[in-house]
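Okay, structure first, notes after.
The values are calculated or read from the model by the stated rules, or taken from the named source; none is laboratory data. What you are looking at is a predicted structure, and each value in this text was computed from that prediction instead of being measured. Here the Cβ positions follow ideal geometry from the backbone for every residue, glycine too, while neighbour counts run over all protein chains shown. We work out accessible area using only protein heavy atoms, side chains counted, and drop any ligands, DNA or RNA first. Shrake-Rupley method; radii C 1.70, N 1.55, O 1.52, S 1.80 Å.
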Amino acid sequence: MKKWNTTLRYAGFSLTGIALLMFVSAFIAYRNHQDDSLTPLLFAAMVTFLSGFFAIIATKPRGRMGVEEGFCIVTGCWIAACAFGAIPFLMFGGEFTPVNAFFESVSGFTTTGASILNDIEALPKGLQFWRIATAWIGGIGIVTLISLVIPAQQDRHSVLASVELSDLAKSYYGGRRKPFVYRMMAVYLIITTATCLALRLTKMPWFDAVTLAMSACSTCGFCAKNLSVGFYNNVAVEVILIAAMLMGATNFSLMFSTVWPDKRTRKNLFNTQVVRWFLALVAAATLIVAANLYFNGYYPTFAKSLRMAAFQVCSLSTTTGFATADTNLWPSGSIGILMLCSLVCGCSGSTSGGMKMDRFVIVVKSIKSMVRSLIGANNVNQTKLDGQLKTEESLSSILAFMGTYLVIIAMGTVVFAVSMDFQTSLSAAIACMGSVGPGFGDVGSMGNYAGFLGFQKVVAMLIMLLGRVEIFPMLIAARSLFRR
């Protein structure tokens, strides 16, 4: 019972923070000639704030926190955020049925970017901003934000950080507790602000610049335009967003250490294998897709093919999901590469989803080391990443994660195939699990999830949450809930 009281308390902290962004969204609605989203946003903000406030005062803080309790808190905070975040959509009505409202909220907070909307531009400005604000606060992590208000003494913050952020995400930082969270927040805010100002220099309206910057840095991909980034048809905008997406998918602590070196770790973007692998694979995928598009006659010049390929490869490999073209029309070779990009994705310690490049590199190195040991070229089967020796236990946990990840995708594909073709079902399962958003077929870059049946949308939401918290925290919390 005590752990659920603690979960309620920290869910209260998350709700008060979310309510503040609802008030900001309501202010935007007020400035936009008091559009139709003003009342839903104000009502939702007051309900969310009061619920969070009473949850805090009705529960008592605890001195120590176990890891299992941390898992319950993380899961509880995400579910509470998604539930209350759906209130403005539900009150606004229109395309937002109860299932659709909750779907859009879960998709935003998990930074998936999948949508059920057929006409995004029909939404009032206040609700458009709230939709993207859910992604922005979800990008840095609700529990990570809560850690800022937890006293540095005792062990609450360290436990929460250990379940909100994987060990891979923290492996490049030798510090402890709040400094790590401050690093993450500082980098996140700087990237968002710099992207917004850069977009503004292209003469983009302030609202579009702010919302695109928030969406790009959270690697969500929500956009206020039906044609996504393709609406602007501007090379400068695409280059800025490519840079923002790549930074959003790179370990934030590494970026901080590059500008502000840490004597304990001495690691930065330029001497880290994972980042080099990530950028190299993105570049290779871009060239392959560009060549495939050009030689199949999809675009008249290689430069145009390279432009289109670079944006879509970066968009999917960072799990952002922006679009400048209808990738359903591209050749099967390009679609295959883009689906692989949706599986591996960015680095740990970033806002990106997916299996993470760190795990992919470790598995590749482990296979290489095993082959060398089998042929006698290496007597000891050892796997190192950036000078750190990976233990058998860590390798086993990575393989268990990747195996479970693929099993969930397979199960999701079966559920979606009840009413969808195989390409749509498989790509939707990959996109939901990896927080990518768009897939192929009916859920392509210019499509959406509106055609899914109600129970399929519920399954998609569950997969999004599992992917966002990296599976095991949610499974352990469920076990704790049903265990006597």
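Divide by every residue of the chain the summed helix terms, -39500 (n - 2.57) for each DSSP H run of at least 4, and state the resulting mean residue ellipticity at 222 nm, rounded to the nearest 500 deg cm²/dmol.
Helices in the chain give a 222 nm mean residue ellipticity of -21000 deg cm²/dmol.
Go from 0 up to the bin containing the longest alpha carbon distance in region 385-484, width 10 Å each, and give me the % of pairs per bin.
15, 40, 26, 14, 4
If you place +1 on the Cβ of every Lys and Arg, -1 on the Cβ of every Asp and Glu, and leave all else neutral, what size is the dipole of region 1-136 about its Cα centre, to the nearest 20 Debye?
Computed about the Cα centre, the dipole is about 800 debye.
Can you pull the percent of the chain's accessible area that's carbon plus sulfur, 1.4 Å probe, other chains left in place?
C and S atoms contribute 66 percent here.
Can you tell which of Leu199, Ala224, Leu123 lies farthest toward the positive end of the dipole of the chain, using +1 and -1 charges on the Cβ of basic and acidic side chains (Lys, Arg; Asp, Glu)?
Farthest towards the positive pole: Leu199.
Quick one, which of [x] 23.8; [y] 22.7; [z] 25.9 is the actual Kirkwood radius over Cα pairs in Å calculated for this model?
Correct label, based on the coordinates given: [y].
If you take the charge dipole of the chain about its Cα centre, with +1 on Lys and Arg Cβ and -1 on Asp and Glu Cβ, which of Thr318, Thr391, Leu246 is farthest toward its positive end?
Final value for the positive-end residue is Thr391.
If each of Ala400 and Thr97 carries a label point 7 Å out from its Cα toward its Cβ, how far apart are those two points in nm?
Modelled inter-label distance: 3.9 nm.
Helix hunt in the chain: which complete DSSP H runs extend at least 24 Å axially by C-alpha with mean Kyte-Doolittle at least 1.6?
For the chain, where a helix must reach 24 Å along its axis and average at least 1.6, the hits are 38-57, 273-295.
Placing +1 at every Lys and Arg Cβ and -1 at every Asp and Glu Cβ, with all other atoms neutral, what dipole size does the chain have around its Cα centre, in debye to the nearest 20?
With only Lys, Arg, Asp and Glu charged at Cβ, the dipole is about 1760 debye.
As a quick test, which of the pairs Lys267/Lys368; Lys304/Lys368; Lys125/Lys356; Lys225/Lys304 have an alpha carbon distance above 26 angstrom in this structure?
Among Lys267/Lys368; Lys304/Lys368; Lys125/Lys356; Lys225/Lys304, the Cα-Cα distance tops 26 Å for Lys304/Lys368; Lys125/Lys356.
Show log10 I(q)/I(0) for region 199-295 at q = 0.23, 0.25 Å⁻¹, two decimals, from a solvent-free Debye sum over equal Cα scatterers.
Per q value, in the given order, log10 I(q)/I(0) is -1.16, -1.23.
Using the basic label-point model (7 angstrom from Cα toward the beta carbon), what is the Asn5 to Ile288 distance in nanometres?
Using points 7 Å along Cα→Cβ, the separation is 5.6 nm.
Say each of Ile367 and Asp326 gets a label point 7 Å from the Cα, pointing the same way as Cα to Cβ; how far apart are those two points in nm?
Between Ile367 and Asp326, the label points sit 3.6 nm apart.
Quick check for you: with a 1.4 Å probe and neighbouring chains kept, what is the accessible area per residue of the chain, in Å²?
Spelled out: the 1.4 Å probe surface of the chain, per residue, equals 41 Å².
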